[in-house]
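To start, the structure under review is shown below, and the notes come after it.
The values are calculated or read from the model by the stated rules, or taken from the named source; none is laboratory data. Remember, it's a predicted structure, so these values are computed and weren't measured experimentally. Note that each Cβ is placed from the backbone with ideal geometry, even for glycine, and that neighbours are counted across all protein chains shown.
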Amino acid sequence: MTDTTPQALLLIGPTASGKSGLSLELARRFDVEIISMDSALVYRGMDIGTAKPSLAERAVCPHHLIDIRDIGESYSAADFLTDTVRLVGEIRQRGRFPLIVGGTMLYAKALRDGINEMPSTDPAVRAAVAAEAAELGWPAMHARLAEADPLTAARLSPNDSQRIGRALEVLRMTGRPISDFHAAGSSGPAFAMIAAGLLPPDRKRLHERIEKRFDQMLADGFLDEMRRLMARPDYDPDSPAMRAVGYRQAIDFLEGRTDAAAFHLAGVAATRQLAKRQMTWMRGMQDLTLMDPEAEGTLEALSVMIRPFAPAR
């Protein structure tokens with residue numbers, strides 16, 4: 001018989017919605033460990049532009065899947081799933097309760113639905129897609145994807161070269177959209193979990209929070225961080241790490257393709273677009289308890305959800 005006892009809390013939400021703050025408040029109440037579900041926090045040296053938790057914040061309770069890759073390395077949803085299943089088991093063995101916290105929705109989907117068997121990469125097809133993108137640009141490739149696979153295109157940024165390229169590869173190799181593979185034969189959740197989503201009801205206020213946080217990143221030295229990353233021998237502007245929101249726009253500015261005003265505008269706009277995509281994903285998720293992150297009772301509601309399973313501190 002499958003164990004239906006929740007093994008973790010999955011806490012998701014758009015960028016700048018307050019996930020980290022609420023998870024730390026839960027950590028002050030309960031004996032928990034936090035597993036980061038953020039595709040950018042895995043990279044060492046990407047601290048300011050990712051709003052990575054500070055050392056003081058990480059001292060509140062153990063944090064995992066932060067600073068585990070160099071910027072020239074990749075980290076996939078399959079890697080995340082493998083690591084998280086292992087960590088949940090280890091944390092439970094220590095008598096603590098795992099909080100899986102973040103906004104990378106593909107990782108959340110992997111946890112909740114499993115990962116379907118995808119066609120392996122064909123280097124020749126990948127090279128052909130990359131050559132076309134070099135000539136036409138990724139927004140044009142995104143438009144082509146939208147014609148053949150509108151479901152996938154709708155959840156991708158027009159400049160998400162990694163995922164657009166992969167979707168076009170699968171389409172050319174199989175004649176089927178990648179969304180078919182995502183929808184077919186999912187293996188189900190990795191383990192039983194409580195799932196809560198922070199959904200800000202006021203879009204304008206969220207946009208204000210995003211701009212304020214971006215301004216704070218700049219004040220904290222984000223561009224200096226970017227210069228250090230660009231000086232590293234493993235720096236590759238086309239790596240998955242450098243496709244993180246804010247970093248791509250910083251590269252364009254530091255390489256002289258945009259001015260300061262355009263950089264600021266593009267960075268804020270890209271972050272808002274990310275938040276919109278994250279909220280679209282959340283609204284389509286089943287068995288997800290949606291909460292207002294700024295409502296007075298949200299912390300208590302989350303506490304009630306995990307209290308039967310998480311030891312008090």
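Numerical summary
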| read-out | value |
| --- | --- |
| Selection status of Arg213, of a type in the set (Lys, Arg), at pLDDT 95 or above and under 21 Å from the mean Cα position of the chain (by Cα) | yes |
| Residue identified as over 24 Å from Leu106 (Cα atoms), in the same structural domain as Gly45 (by TED's automatic domain parsing) and in contact with a helix residue (DSSP H, G or I) (Cβ under 8 Å, 6 or more places away or on another chain) among Ala262, Ala275 | Ala262 |
| Pro201 vs. criteria under 20 Å from Ile164 (Cβ atoms), in the same structural domain as Val88 (by TED's automatic domain parsing) and surrounded by fewer than 18 Cβ atoms within 10 Å (Cβ to Cβ) | no |
| Checking Glu90 against (1) within 11 Å of Leu10 (Cβ to Cβ); (2) part of a helix (DSSP H, G or I); (3) at pLDDT 95 or above, the condition it does not meet | (1) |
| Unmet requirement for Gly95, which otherwise passes all of (1) on the phi > 0 side of the Ramachandran plot; (2) surrounded by 16 or more Cβ atoms within 10 Å (Cβ to Cβ) | (2) |
| Residues of the stretch 256-293 satisfying the condition of being part of a loop (DSSP other than H, G, I, E, B) and more than 30 Å from Leu223 (Cα to Cα) | Gly284, Met285, Gln286, Asp287, Leu288, Asp292 |
| Where a residue in the stretch 242-259 is over 21 Å from Gln278 (Cβ atoms) and its partner, wherever it lies, is among the polar types (S, T, N, Q), with Cβ under 8 Å and at least six apart | Asp252/Thr258; Thr258/Gln249 |
| Whichever residue in the stretch 32-43 is of a type outside the set (A, V, I, L, M) and in contact with a strand residue (DSSP E or B) (Cβ under 7 Å, 6 or more places away or on another chain) and, among such residues, is surrounded by the fewest Cβ atoms within 10 Å (Cβ to Cβ) | Glu33 |
| Of the criteria (1) part of a loop (DSSP other than H, G, I, E, B); (2) without any contact (Cβ under 8 Å) to a residue 12 or more places away in the chain; (3) not β-branched (Val, Ile, Thr), which one Asp67 fails | (2) |
| Single condition Ile34 does not satisfy, out of (1) β-branched (Val, Ile, Thr); (2) under 24 Å from Met279 (Cα atoms); (3) more than 17 Å from the chain's Cα centre (by Cα) | (3) |
| Single residue of the stretch 93-124 satisfying the filter (touching a helix residue (DSSP H, G or I) at 6+ places or on another chain (Cβ under 6 Å) and farther than 29 Å from Ser17 by Cβ) that is modelled with the lowest pLDDT | Met118 |
| Filtered residue count, the stretch 293-310, keeping only those that are within 23 Å of Gly95 (Cβ to Cβ) and either loosely packed, with under 12 Cβ neighbours inside 10 Å or without any contact (Cβ under 8 Å) to a residue 60 or more places away in the chain (or both) | 2 |
| Tally, over the stretch 47-57, of residues that are out of contact with any Leu (no Cβ under 7 Å at 6 or more places or on another chain) and crowded, with 18+ Cβ neighbours inside 10 Å | 5 |
| Residue within the stretch 233-242 that is among the polar types (S, T, N, Q), more than 25 Å from Asp31 (Cα to Cα), modelled with pLDDT under 95 and out of contact with any strand residue (DSSP E or B) (no Cβ under 8 Å at 6 or more places or on another chain) present | yes |
| Considering residues of the stretch 270-313 that are in contact with a Ser or Thr (Cβ under 7 Å, 6 or more places away or on another chain) and among the aliphatic types (A, V, I, L, M) only, the residue nearest to Arg243 (Cα to Cα) | Leu274 |
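Okay, residues lined up against (1) in the same structural domain as Arg277 (by TED's automatic domain parsing); (2) in a helix (DSSP H, G or I); (3) touching a residue at least 12 places away in the same chain (Cβ under 8 Å); (4) of a type in the set (Asp, Glu):
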| site | (1), (2), (3), (4) |
| --- | --- |
| Gly95 | yes, no, yes, no |
| Leu99 | yes, no, yes, no |
| Arg112 | yes, yes, yes, no |
| Ala133 | no, yes, yes, no |
| Ala146 | no, yes, no, no |
| Leu151 | no, yes, yes, no |
| Leu156 | no, no, yes, no |
| Ala167 | no, yes, yes, no |
| Leu171 | no, yes, yes, no |
